[in-house]
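In what follows, a structure is listed as structure tokens, so that the remarks can point back to it.
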Amino acid sequence: MGTYCLDTAGGYTWSKVGDWTLPFRGKVEYVPELKLWFGLSAYGQQLAAADLSNLDSQPQIMGAWEELINRLEEWRERPDAQIVNMGSGRFCVARPLPCAKHLFPVVLVYGKHSSVTCSKSWLALEEDAAAAMA
């Protein structure tokens, strides 16, 4: 077990970086404006961020965000959950279930000193309001 890097600039060769694993489960995405990697945390599967610029030691999660909806217990720890990069620092946390309503878009808002916050997208808020009125 360990972490490996693929050199895409110089011949597509693999090299071992360390005997530790990354703090994510599944796909991760780099957001260059923040110089952070985002993915689902290995434990709890929350949207999380980590700085992977120094791989001399085990990277730590810098921030993890609870989803802004109350999930049923059986929705937690879905092995097929994933994030979808929607561009401009926006991600959708997708937890495939029988109903498409459970796609949950979030917006990452960053401010001074590379601070990051997580909020529910306006589109999702409007859909929730429309469903409540139906």
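Details
- Pairs where the first residue, in the range 40-59, is at positive phi and the second is at pLDDT 85 or above and surrounded by fewer than 20 Cβ atoms within 10 Å (Cβ to Cβ), C-beta under 8 Å, 6+ apart: Q45/R25
- For W75: the one exception among (1) at pLDDT below 80; (2) aromatic (F, W, Y); (3) crowded, with 17+ Cβ neighbours inside 10 Å: (3)
- Per the listing D7, D51, D56, the residue uniquely of a type in the set (D, E), surrounded by fewer than 13 Cβ atoms within 10 Å (Cβ to Cβ), over 16 Å from M86 (Cβ atoms) and in contact with a Phe, Trp or Tyr (Cβ under 9 Å, 6 or more places away or on another chain) is D7.
- Residue match in the range 100-107 (condition: charged (D, E, K, R) and at pLDDT below 60): yes
- For the range 59-72, the tally of residues that are modelled with pLDDT of 80 or more and surrounded by 14 or more Cβ atoms within 10 Å (Cβ to Cβ) stands at 3.
- Scanning the range 13-27 for residues that are surrounded by fewer than 18 Cβ atoms within 10 Å (Cβ to Cβ) and within 9 Å of the chain's Cα centre (by Cα) returns a single hit, K27.
The values are calculated or read from the model by the stated rules, or taken from the named source; none is laboratory data. Everything numeric in this text was worked out from a predicted model, so none of it was measured. Cβ atoms come from the backbone with ideal geometry, glycine included; neighbour counts cover every protein chain shown.
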